[in-house]
Structure formats: structure tokens, C-alpha cells
Amino acid sequence: MSESRIAVEDLSVRIGEAEILHGVSLNVGRGEFLTVIGPNGAGKSTLLRCLDGILVPSHGRVLIDERPLTEIGRRELARTVSYVPQPDAGPLDYTVRSFVEMGRFPHVNAWAALTEADAEAVTHAMGLTGVAELADRSMSSLSGGERQRASIAAALAQGGSILLLDEPTSFLDYRHQVQILDLLDRLHDESGLTIVAVTHDLNSTVASSNSVLALKGGKVAATGNPAELLDTDVLSAIYDANFRLIEGGHRGLPLVLPARNGS
Amino acid sequence: MKTPLRLAVLGGLAALTLAIVPLVGRQALPFSVLLDFGGSDPAAIIFWQIRVPRALAAFVGGAGLALGGAVFQAIFRNPLATPYTLGVASGASLGVALVSRFGLSLVVIGLSTTSVAAFAGAMVAVGVVWALTRLRPELSSTTLLLAGVAMNFFFSSVILFAQYTASLGDSYRIVRWLMGGLGGVDMGTVLRMAPVVALGGTVVLWQARKLDLLATGTEIAASRGVAVAPTRTTLFLATSVMVGGVVAACGPVGFVGMMAPHICRLLVGSNHRVLLPASILFGGAFLVLCDTAARLVIFPAELPVGVITAFLGAPFFLWLLVRQVGSASARS
């Protein structure tokens, strides 16, 4: 098995009275692309927040490159792990370039200007995500798709080798969904990033990944590769809904359709 | 105009304001007083012992209030947030109202009873909010702001009670303090207030990049490497103490803290490494100008500066806003 980059051991998260995650364990190897699926409220986003130390679990631990998260300082962690939260529509009075430059925070001193290496990382990230031409636009003036690409650019500028994404394609139209998925494919295949993406999109995002973890009610319901998970019985058990599979999906995988009564 | 140039122009205007304002007043002063530091000539005394300290106090106070607003607007991600919103000013006012009402004396190492009471009141308000965040760390910033608003109402009602039951003279003293003013300041006031503002300002400026990230949201900030909770606590406490110090010296001067950062954002953008110095310069110069207007407008009497700040500042702010909206729609 490939070297473990992320290991989660018996993770439980309790917020108030509610137990959001219970006894979750998983392993993500170097260069792996894991998608986390599951119904609403299954604990997917909570799991992602735990992987980046934003949320502290009530039990269990997370290891990054075999070191417990609790022993890694925030800035040090930020040089390895980048996180793209769910799209936030709130006002953001920064230009795209300023926002992407903030991704360099873990590499710069309080008052020092950005170095050439920082500028290079920013330009590279903006080029990869196709937001270079938006550099001087305000974040608040961007469409949902542009904003999502700028968010990914900022996370890439951070220069980490693990990328966590929460619903990277939700709220995007088809063209922008394809752009983001192509970008994730490139980052995974060419740059060798380790990626964990939470998604509701069983067709495109899951098909891009090489392993899938399904959560249900805060527990691991199923794990496997996309071909194993994209099965009507497995999906029905995860989502408590009926599905139909049809031929012709991405990378030879089936397309998943929710089956409505009478269909 | 490029942003660094705008900041330089702002700096030039602030320096010019500070240089000219002490020469302006009922008594026209010759330029020769500039060279007569410590002289016994009445002109030199008016200039060096009255007007210069007053201009400096206004500048330091305005700078501290503006900086406090800029920090709170970023850490609470709310354009209306200032230390006043969380009760710093009303806590200070309550302190002053209580010592005036009950005729208490709290002189500490040369500080007046009013200053000590104001600072203590401000710190009680800060302490309550801080305790809330410690007891219930999961409280959202909106909840905290609401708690601050509730506290403001509570303090106000106690102030009203103190005022209602006070003698006419005490009641007037309370009202007069609530309006804010720089009438009684001297070099000692400047020397007491400046270190507090300088210390708070240094802490805040040091965290400028973190403020940018906190303004984009706590999750993004944490993910980029900001230790969110300790950073917010440091900024919150440093700023509150700084603004508490200003309020103790100048009274609860309104408007500057909330509006100066917005005006600066329109002028130099949201990047805190530029916005914070701009807020210092603009807030400082603005309060100096307002205080000059307060000295002259109903001459020979004097208005409390708190009456002037919003009166002059609000129309200017509205003009900037309309101009901004106009140019934005012209572009689109």
C-alpha cells in the first residue's frame, strides 16, 4: 500500500448533544484522490474540517504524514494542507490577486513583502485556475464559478501537497463544473496532489477520484473504488433511495440517476 | 492614483493638518512661536501648552478610535462593529456617571477620577464580553454583537437612572462628559494616552495580514495558518484597552471609529497593511479638524467635539458612498 498521507483513527465529533461523527477511520495514500459521499447531515463537511484541524474531534485523532495533527502548528500545517470551504456568497472587498496572495500567508513574515517565489506561486496558481485575467476584479463582483476558481487558486498558492475541497462543483453551471473537474484531474494526475473532496455529485467528481468513502449518520457506510460504490444496492443503502445506472459515464463508469416512483 | 501614493497624500495632509491647526484660533499667532518652545510669551504659551497638546491629543485619540473600528470590523466581519458596539464607550460612560452621581474619588497616580472611572467602566464591559467568549467559545460573532447591543442598553438605562436621580449639576456634568470633548487636555493627557495607543497600534499593525484573512472568514483564516482563537483574543483585548484609554481621555467621541475605516477603505482598499496606517492618519487628522471646528464654530464658546464629528463626517461619508456607487455603475 502507498505511503499514508492522511490517517484518521476512530474519530468522533460531538457538538453539543449531537454526535456528528462516530468511530470514523480512514487512510489516504500519497497521490490518492478520495471523494467523500453521503446524504445531507452525514458528517462529510465535519470530517473535512477535522482533517485540516479547523474542528477538534472529541475522540480519536488525525495524522498527517504520520504526525498527529495536535503536534503540528497551524502555519506548518498550512504549508502542507489547503482547504477550500463551501462557496460563501458574502461580500469580500479584495481583488482576486490580493485574495490569492493571502494564500502565501504561511510562507511570509508579518511585515515582509512577498518574495519572487511567492509571486511566482501566485501567478502559477492563477494560471492553473484560469483567473489571471480576473486579477484586478473585486471578489464580490465575480460569478459563482469565478469565485470558486479564485478560492481554489488561493488554496493552490498556499503550496501544500494535500488539497481538501468541500462541494467544489455545487452551485456551478455545467461549463464551470467541467472546468473545475478538469482542473482537479490535472492537479491529481500531473501535479500529484493528494485530494479529498466532499461531494453530492456521484457522476463527475466521484468518477474523477480513485477511491470513495461513504458516510451515513456519522459512521462509515461503505468504502471502495468508484466502480464498487456505484452500485444500485450500495447506493440505496447509503442514501435510502432507489437508483438506476446507465452506461456511458466518465472513465467507463456508469451514470447514476435517482429512480423516481414509476420510473 | 496608485494606492501607495494615496497613502502618501493622506500622510502629507495629516502632517499639514497637525502643523497648521495649532496656529488657528481666536488668538492669531505669529509663526515665530514655532521657535519659542518653552517661552513665557503668551503666544508661545497658548501655542505650546494649549493648542499643540490639544491637536496632538485629538490626533492620537482619533487614530486610536479609527484603528479600533478597523480591527473590529475585520474580526467580527461586520461593517457596523466597533469597540463601542461591544460596550466600551457605554461602560466608560457608566463609570463616569456612577462616580459623578455618588461623588466618588478615584484618583490614581495623577489620573483624574473621571479618567479612572471611564477606563475601569470600559474594562468591565470588555471583561463581560471576553468572559462570554471564554465560557461559550462557540458563540458566533453576530451573537456577541447582539450581546454587546444588549449590554449597551443595560448600561444606558443605569446611566439614565444615575442621571435622573442626580443633582442638576452632577446631571449636567454627566451629559457633558457623554458628548466627548478635548477642552481639558494638556501634555500630560497626551503622554498618558499615546503609549496606550502606540502599544495597541503596534500589536494591531503586526497582525495586519491576519486581519485580512480573518475578514475573509474564520475557516479560510485557519486553513491558511492563522491560529484564529488566540489571534482574535489578542486583537480584541489590545484594541479594547486602546480604545478604553482614548475614551478615558477624550470621552465617548462617536462616529470616528465606525466611519473612518470605511472612508479609508473607499480611498485605499481593504488590504489591512495599507488600511490600518490610512485609518491612523485619517482618523487622527479628522478628529483634529473636528476639534478645531468645535473650538471655533460658536466662538467664543466651545462645542463638545462629539457634536461635530458626525455632523461633519456623515455628509462627507454619504458623498463618498454616492460617488463610489456612481463610478461603479458608470463602469458596468
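Read-outs throughout are calculated quantities, based only on the coordinates presented, and are distinct from any laboratory measurement. Note that the structure is a prediction, hence the values are computed from the model and not measured. In this analysis, Cβ positions are derived from the backbone assuming ideal geometry, glycine residues included, and neighbour counts consider all displayed protein chains.
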Once you order the gyration tensor axes a ≥ b ≥ c over the Cα atoms, which shape class does the stretch B:137-254 get: rounded for a/c under 1.5, otherwise prolate or oblate by comparing a/b with b/c? oblate
Under a plain spin-label model, where a point goes 7 Å from the Cα along Cα-to-Cβ, how far apart in nm are B:ALA293 and A:ASP10? 6.8 nm
I'd like the FRET efficiency for A:ARG61 and A:LYS219, computed as 1/(1 + (r/R0)^6) with the beta carbon distance as r and R0 of 22 Å, rounded to 0.05. 0.80
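Once the Cβ-Cβ distance between A:THR123 and A:GLN86 is put in as r, and R0 is 22 Å, what FRET efficiency do you end up with, to the nearest 0.05? Could you put the intermediate results ahead of the total?
Details: r = 27 Å, r/R0 = 1.21.
With R0 = 22 Å, the Cβ-Cβ based efficiency is 0.25.
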Contour minus end-to-end for A:ALA113 and A:ASP233, with contour as 0.36 nm per residue of separation and end-to-end as the Cα-Cα distance? 37.6 nm
Total charge dipole magnitude, the stretch B:185-237, about the Cα centre, Cβ charges on Lys, Arg, Asp, Glu only, Debye to nearest 20: 120 debye
Taking the Cα-to-Cβ direction at B:THR142 and at A:ASN210 and moving 7 Å from each Cα, how far apart do the two end points lie in nm? 4.3 nm
If I model a spin label at B:ARG26 and A:SER191 as a point 7 Å from the Cα along the Cα→Cβ vector, what separation in nanometres do I get? 6.9 nm
List every residue whose amide H lies under 5 Å from the amide H of A:THR95, counting only residues 5 or more places away in sequence or on a different chain, with H placed 1.01 Å from N in the peptide plane. A:MET139
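For chain B, which DSSP H helices look membrane-span-like by this rule: Cα extent along the axis of 24 Å or more and mean Kyte-Doolittle of at least 1.6?
Working: long enough: B:3-20 (25 Å, 1.69); B:52-75 (34 Å, 1.46); B:113-135 (32 Å, 1.52); B:141-164 (34 Å, 1.42); B:187-206 (28 Å, 1.51); B:228-250 (32 Å, 1.41); B:272-296 (36 Å, 1.26); B:305-331 (39 Å, 1.24).
In chain B, the long hydrophobic H runs are B:3-20.
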Taking Cα pairs under 8 Å and at least six residues apart, what relative contact order does the stretch A:89-159 come out at, in percent? 53 percent
How much length, in nm to one decimal, is gained on full extension between B:LEU135 and B:MET179, taken as 0.36 nm per residue of separation minus their Cα-Cα distance? 12.4 nm
Asserting the computed 222 nm helical MRE of the protein assembly as shown (DSSP H runs at least 4 long, -39500 (n - 2.57) per run, divided by residue count, to nearest 500) equals -17500 deg cm²/dmol
Only Lys, Arg, Asp and Glu count, each charged at its Cβ (+1, +1, -1, -1), so figure out the dipole size of chain A about its Cα centre, rounded to 20 debye. 320 debye
Anchor A:LYS216: lysines whose Cα lies under 30 Å away (excluding residues fewer than 8 positions away in-chain): A:LYS44
Restricting the stretch A:225-261 to trypsin sites (Lys or Arg not before Pro) in coil, as DSSP defines it, with at most 11 other Cβ within 10 Å: A:ARG260
Once Lys and Arg get +1 and Asp and Glu get -1 on their Cβ, which of B:PRO230, B:LEU320, B:VAL203 lies farthest toward the positive end of the dipole of the stretch B:179-332? B:PRO230
If one computes the Cα centroid of the stretch B:164-178 and of the stretch A:131-173, what distance in Å separates the two points? 57 Å
